[in-house]
Amino acid sequence: MRRRIVLTVKDNREESIVKLYLKGIVLILTVYAVAGCLPYEQVVSSDRRPGPEQAGNVSSSSALEETRAPVVLREEDLDGWDDKSTRQTLDDRPETELETRVQPSVSVDRSETKKSKKAQHVLDEALEFCQTSQDFWSQGDFENGVSALDQAYNLLLGVDTNDDPKLIQQKEDIRFMICKRMLEIYTSRHTVAKGNHNAIPMVMNKYVEKEIKLFQGRERKFFVSSYQRSGKYRAEIVKALEEAGLPKELSWLPLIESGFKAHALSRARALGLWQFIPSTGYKFGLKRDEWIDERMDVTKSTGAAIAYMKELHDMFGDWTTVLAAYNCGENRVLRVIRNQNVNYLDNFWDLFEKLPYETARYVPRFLATLHVINNPKKFGLDLDCVDPPHVYEKVAVSKRMRLKDIAKAMDIPVKSLEELNTELRYKATPPQSYELKVPKGKGSLLVANLDKVSTWTPPERRYDYHRVRRGETLSHLAARYRTSARAIAAANNISTRSVIRIGQKLKIPSRGSRPAYAKASKTSSYGKSGSINHRVRRGDSLWLLARRYNTNIKEIKRLNKLKSTRLHIGQRLVIRKGTEAVASGADRKTYKVRRGDSPYKIARAHNMKLQRFLRINRLTPRSKIYPGQVLSVEVR
């Protein structure tokens with residue numbers, strides 16, 4: 001029951017009684033505040049003494065009930081209290097009830113320890129699920145095996161390692177174990193459900209039948225000729241596959257890859273019997289330099305192909321998926337697998353329908369090849385005749401020699417040496433030590449005649465340097481310097497699609513120190529009749545030839561009785577000198593461009609047609625001229 005206390009200080013005695021009473025109330029309120037019923041700061045402050053205004057109506061019974069909890073007081077809280085009895089009352093309390101305040105750091109340490117123990121418990125539980133998955137898997141229960149791994153991974157996601165290195169390492173180890181076990185389970189699922197995973201499934205479906213019909217029809221000649229060439233290399237390939245433990249049916253893969261042509265080059269720049277692109281070839285140890293490209297070496301490229309297929313098989317586990325990945329790359333196949341919602345290992349043809357067209361054809365095309373080769377008569381093909389295998393020995397040489405010179409010294413056909421040493425890019429041995437393959441039994445003959453073979457010195461390639469002007473392109477420069485855009489790009493380590501900048505300095509392959517187009521206009525290069533015979537090379541066109549020889553397309557077509565502008569490599573053309581200059585009947589002089597000039601202004605000032613002015617200066621309508629540039633104009 002609350003009482004209102006009204007104190008009236010009249011004299012010193014009454015004041016003393018009031019102080020003693022207030023001290024007692026303050027003590028009770030202090031105990032009450034510590035117990036949590038009232039904030040301690042509202043009762044007493046350590047920096048000032050209690051006053052009468054702090055007293056209030058408090059239920060003493062309820063306050064005493066709360067004193068069961070330990071009292072936490074600081075020594076400085078009693079500063080200024082003169083009453084000895086009050087101190088004695090506190091000193092008489094049990095020692096356990098006068099504990100000092102607990103430091104916050106101790107609480108944090110205990111909390112972190114508790115979290116670490118909890119995290120360790122969850123990690124142990126996840127590890128147990130991994131072991132349980134192994135037990136299910138060994139018993140052939142794949143569904144429960146996968147479910148156990150899923151549960152382990154869910155537990156792992158909820159683990160708070162709290163930046164503890166040991167817990168972080170355990171979490172990563174378990175995560176790796178889960179991923180590895182999941183891959184093993186899905187790989188083995190195909191093995192158990194379908195049989196031996198090393199066997200290539202001989203499927204016959206509408207896709208395979210479509211490819212067989214192509215081999216029977218328009219691709220019949222390709223198939224038969226490729227099969228005949230396989231005799232040169234297949235014995236060596238089968239031996240390497242058997243040593244590696246791979247199915248020997250893979251020896252027919254080059255038939256659809258390259259037609260068993262060692263120099264086959266695809267649109268994607270894949271080269272050789274096994275069609276390696278440069279990056280993949282480099283990954284599996286195929287060297288490529290100025291003299292040698294081992295992608296065309298049958299022995300070395302076969303070893304690289306075997307290593308690549310073994311890696312893919314370890315990744316996917318079935319040969320149909322391996323073949324698809326070999327064609328378009330493992331990353332492409334993995335993206336398709338990741339983005340679909342079906343279990344591709346149960347049925348490869350679900351994956352097949354989501355692959356790119358060329359890759360989609362690759363697997364049924366290979367299976368069709370196996371079906372036809374296993375039973376050619378059933379499909380109406382005659383595959384009895386094959387080329388004999390290459391039998392050779394190696395001789396170490398260490399100087400540059402052309403294969404045709406070596407063949408002449410050994411009195412053997414040069415073609416036999418070229419087929420044995422397909423990796424030589426220029427049909428010549430490199431300057432460093434090289435093991436040259438020669439027909440069996442001819443090694444000693446080569447050693448005896450090696451000194452008679454002259455050392456070959458390749459022609460030194462010379463370069464012109466050209467600073468790019470506005471409007472110029474690689475094609476324009478190729479025409480001007482009688483080379484190709486690809487050669488210019490290779491000399492400058494750029495792509496043919498690269499954009500060249502104004503002022504950029506380019507290195508251009510050339511036969512001499514001056515641009516080739518200048519040589520073509522000399523009278524001495526023509527015959528007595530005033531014409532020359534030109535042999536068409538790669539990249540030539542009537543337009544380029546007309547510009548090169550200062551003539552026009554119509555005149556070239558008339559002299560050579562051409563009905564169209566189409567040319568072919570090796571074609572010989574008769575070209576008459578200076579047709580344009582003769583037709584115009586005008587002399588030429590030089591003109592130095594001034595500020596404010598344009599092609600149109602210059603042509604008009606000299607009574608020339610703009611087209612004629614552009615032609616004789618090898619300019620285009622988009623070309624820009626600049627002050628100080630020297631151009632040609634006609635004088636009538």
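Here His263 passes the criteria (1) farther than 19 Å from Thr359 by Cα; (2) modelled with pLDDT of 90 or more; (3) surrounded by fewer than 22 Cβ atoms within 10 Å (Cβ to Cβ) except the one numbered (2). Going by what's in this entry, would Arg234 be described as in contact with a Lys or Arg (Cβ under 9 Å, 6 or more places away or on another chain), surrounded by 15 or more Cβ atoms within 10 Å (Cβ to Cβ) and charged (D, E, K, R)? So Arg234 fails the test. The single residue among Asp150, Asp109, Asp135, Asp160 that is assigned to a helix (DSSP H, G or I), at pLDDT 80 or above and of a type in the set (Asp, Glu) turns out to be Asp150. Under the condition of being at pLDDT below 75 and over 23 Å from Tyr362 (Cα atoms), the residues counted in the range 168-194 number 8. Being among the basic types (Lys, Arg) and at pLDDT 85 or above is the requirement here; does Lys354 meet it? Here the answer is no, as Lys354 does not meet what is asked.
With respect to being among the aliphatic types (A, V, I, L, M) and modelled with pLDDT of 90 or more, Ala448 falls outside the description.
Within the range 460-472, at least one residue is under 30 Å from Gln504 (Cα atoms) and of a type in the set (Phe, Trp, Tyr). Could you list, in sequence order, all residues of the range 235-255 that are under 15 Å from Lys300 (Cα atoms) and out of contact with any helix residue (DSSP H, G or I) (no Cβ under 7 Å at 6 or more places or on another chain)? Hits for the range 235-255 are Ala235, Lys239, Glu243, Pro254. Ala368 - would you say it is assigned to a helix (DSSP H, G or I), crowded, with 22+ Cβ neighbours inside 10 Å, within 19 Å of the chain's Cα centre (by Cα) and assigned by TED's automatic domain parsing to the domain that holds Leu241? The answer is no for Ala368.
Listed here are the residues, each with its yes/no results for (1) surrounded by fewer than 17 Cβ atoms within 10 Å (Cβ to Cβ); (2) in the same structural domain as Glu236 (by TED's automatic domain parsing); (3) part of a helix (DSSP H, G or I).
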{"position": "Gly285", "(1), (2), (3)": "yes, yes, no"}
{"position": "Thr299", "(1), (2), (3)": "yes, yes, yes"}
{"position": "Ile306", "(1), (2), (3)": "no, yes, yes"}
{"position": "Leu312", "(1), (2), (3)": "no, yes, yes"}
{"position": "Ala325", "(1), (2), (3)": "no, yes, yes"}
{"position": "Val333", "(1), (2), (3)": "no, yes, yes"}
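Filtering the range 427-449 to residues that are of a type outside the set (D, E, K, R) and surrounded by fewer than 17 Cβ atoms within 10 Å (Cβ to Cβ) leaves Pro431, Gln432, Ser433, Gly441, Ser444, Leu445, Val447, Ala448, Asn449.
Filter the range 500-545 for residues that are among the basic types (Lys, Arg), under 25 Å from Lys624 (Cβ atoms) and at pLDDT below 70 and give the result. Correct list: Arg514 only. Scanning the range 210-234 for residues that are within 15 Å of Thr299 (Cα to Cα) and in contact with a helix residue (DSSP H, G or I) (Cβ under 9 Å, 6 or more places away or on another chain) returns Ser230, Lys232, Tyr233, Arg234. The residues on offer are Arg234, Arg220, and the sole one that is at pLDDT 90 or above, of a type in the set (D, E, K, R) and more than 33 Å from the chain's Cα centre (by Cα) is Arg220.
The values are calculated or read from the model by the stated rules, or taken from the named source; none is laboratory data. Nothing here was measured: the structure is a model prediction, and the numbers come from that model. Every residue, glycine as well, gets a Cβ built from its backbone with ideal geometry; the counts of neighbours run over all protein chains shown.
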